[in-house]
1. So which residues in segment 203-216 are touching a residue at least 60 places away in the same chain (Cβ under 8 Å) and either among the small types (Gly, Ala, Ser) or buried (at least 20 other Cβ atoms within 10 Å of the Cβ) (or both)?
2. Within segment 140-152, identify whether any single residue is surrounded by fewer than 21 Cβ atoms within 10 Å (Cβ to Cβ) and touching a Phe, Trp or Tyr at 6+ places or on another chain (Cβ under 7 Å), and answer yes or no.
3. Tell me, yes or no, whether segment 127-138 has at least one residue that is in contact with a Pro (Cβ under 7 Å, 6 or more places away or on another chain) and either surrounded by fewer than 15 Cβ atoms within 10 Å (Cβ to Cβ) or under 22 Å from GLN71 (Cβ atoms) (or both).
4. Could you go through segment 11-21 and let me know if any residue there is surrounded by fewer than 18 Cβ atoms within 10 Å (Cβ to Cβ), among the β-branched types (Val, Ile, Thr) and either at negative phi or assigned to a strand (DSSP E or B) (or both).
5. Which one of these does VAL36 not meet: (1) over 19 Å from ASP192 (Cβ atoms); (2) in a strand (DSSP E or B); (3) out of contact with any Gly (no Cβ under 9 Å at 6 or more places or on another chain); (4) of a type outside the set (Gly, Ala, Ser)?
6. Return only the number of the condition from (1) β-branched (Val, Ile, Thr); (2) crowded, with 20+ Cβ neighbours inside 10 Å; (3) more than 23 Å from ASP126 (Cα to Cα); (4) in contact with a Gly (Cβ under 8 Å, 6 or more places away or on another chain) that ILE76 does not satisfy.
7. Could you list, in sequence order, all residues of segment 157-202 that are without any contact (Cβ under 8 Å) to a residue 40 or more places away in the chain and touching a Gly at 6+ places or on another chain (Cβ under 6 Å)?
8. So in segment 91-109, with the set limited to residues that are under 13 Å from MET133 (Cα atoms) and surrounded by fewer than 18 Cβ atoms within 10 Å (Cβ to Cβ), which one is farthest from the chain's Cα centre (by Cα)?
Amino acid sequence: MSHLVAPSLLSADFLNLKRDVDMINNSEADWLHLDVMDGVFVPNISFGFPIMNLLKGITNKPLDVHLMIVQPEKFIDEVATMGAYMMNVHYEACTHLHRTIHGIKDKGMKAGVTLNPHTPISLLKDIIQDLDMVLLMSVNPGFGGQKFIHNTLSKLDDLKNLIVQKKSHSLIQVDGGVDLDTGKLLVDAGADVLVAGSFVFSSENPHKRIHQLKAL
């Protein structure tokens, strides 16, 4: 499988949101990545279900929902209702991760788990077989435009080894500081999905940026 590209709506122009979503619709992007922040789990607040429910009617890309919030399990029904393809929760935010993952799948969604930069891959060894995707944060979550943490490449290698060892079919997604240079390193290392925010939306030609990321 060639790698996927999922532009992050967090970096879009929210005064011209439909314009930016239309741009994604007409691009080579594979998914639309939605970062939901609560100001508690991460030090920022982004957007919630009123915005996401509107997106359902104007996007033709699968919605990749990344919940950077406390108690994400409380919102499984709402995320499913808005038509999400993937619901991704943080390992650090879930006391009963197994229950949460299967609750997501019971609602017909794919289930992902995110690891913060300091969280070791080894903590997934008892759940990796149940996951559809693991998201490695290559910056500290909460804000766009941060510098890529290069230790992510070592973690990616550890994750690939665990997936093979446990005979999992999990995809590997990376989010944070992704550009053409870091994206190339990640794809060569085995990343399946690249999330890019400011690199795409701050460009004078977002279509070209997405094409370049797809071509890595």
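Just so it is clear, none of the values below were taken in a lab; they were calculated from the coordinates. Computed from a prediction, not measured in an experiment: that's the story for all the values here. Quick reminder, even Gly has a Cβ in these numbers, built from the backbone with ideal geometry, and neighbours come from all protein chains shown.
1. PRO206, ILE210, LEU213
2. no
3. The answer is yes, given that some residue of segment 127-138 is in contact with a Pro (Cβ under 7 Å, 6 or more places away or on another chain) and either surrounded by fewer than 15 Cβ atoms within 10 Å (Cβ to Cβ) or under 22 Å from GLN71 (Cβ atoms) (or both).
4. Scanning segment 11-21 turns up no residue that is surrounded by fewer than 18 Cβ atoms within 10 Å (Cβ to Cβ), among the β-branched types (Val, Ile, Thr) and either at negative phi or assigned to a strand (DSSP E or B) (or both).
5. Going through (1) over 19 Å from ASP192 (Cβ atoms); (2) in a strand (DSSP E or B); (3) out of contact with any Gly (no Cβ under 9 Å at 6 or more places or on another chain); (4) of a type outside the set (Gly, Ala, Ser) one by one, VAL36 breaks only (3).
6. Checking ILE76 against (1) β-branched (Val, Ile, Thr); (2) crowded, with 20+ Cβ neighbours inside 10 Å; (3) more than 23 Å from ASP126 (Cα to Cα); (4) in contact with a Gly (Cβ under 8 Å, 6 or more places away or on another chain), the one that fails is (3).
7. Within segment 157-202, LYS160 is the sole residue that qualifies.
8. Among those residues, the one meeting the criterion is LYS105.
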